[in-house]
Amino acid sequence: MTEASSPSTIPPSSSAWKNHSHRPHLKLDKFPKLTNQTDYPVWRDTARYVLGTMDCWSLVEDTEAQPVKTKNQDDKDYEETLGQYKARYQWASIFVLESLPDSAGSLCSRDNG
């Protein structure tokens with residue numbers, strides 16, 4: 001993220017996933033960046049707290065699978081559940097990527113050879 005860009009925001013409340021207009025937001029630029037091994041304990045604790053509060057920690061730990069439609073579930077309910085899962089997954093990904101230093105962006109590039 002460059003200095004000129006606006007900070008990313010993420011909603012911290014799992015109860016607010018259904019109602020997008022009432023979610024509070026956190027500014028990711030206020031959280032510690034993971035720059036070296038000495039930063040890791042603070043970063044880890046912050047990530048665990050924030051992602052847990054957002055109901056995303058199970059996605060990071062890979063203990064929650066993507067929802068699968070059941071026989072008795074109607075399409076609308078399944079699409080809503082899947083959409084909430086995808087939104088949580090996306091915000092967890094954004095949190096992790098935004099908490100890395102700008103130089104780490106090259107690690108995520110497909111053109112890094």
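Here, each number is a calculation from the coordinates, and none is a lab measurement. Model, not experiment: these values are computed from the prediction. Backbone-built Cβ (ideal geometry, glycine too); neighbour counts: all protein chains shown.
For the reader, a short list of remarks on this structure follows.
- Peptide packing: for 44-50, 76-82, the average count of neighbouring Cβ atoms within 10 Å per residue gives the ranking 44-50, 76-82, highest mean first.
- Taking a ≥ b ≥ c as the square roots of the eigenvalues of the Cα gyration tensor, the range 34-100 is prolate, since a/c reaches 1.5 or more and a/b is larger than b/c.
- Per-residue ³J(HN,Hα) for the range 51-61, Karplus 6.51 cos²θ - 1.76 cosθ + 1.60, θ = phi - 60°, Hz, x for Gly and Pro: 5, x, 5, 7, 6, 10, 4, 5, 6, 5, 6
- Amide hydrogen neighbours beyond the local backbone of LEU26, cut-off 5 Å, H modeled: ILE10
- Along the range 72-84 the Karplus relation, 6.51 cos²θ - 1.76 cosθ + 1.60 evaluated at θ = phi - 60°, assigns HN-Hα couplings of 8, 8, 6, 4, 4, 5, 5, 4, 5, 4, 5, x, 5 Hz to successive residues, with x for each Gly and Pro.
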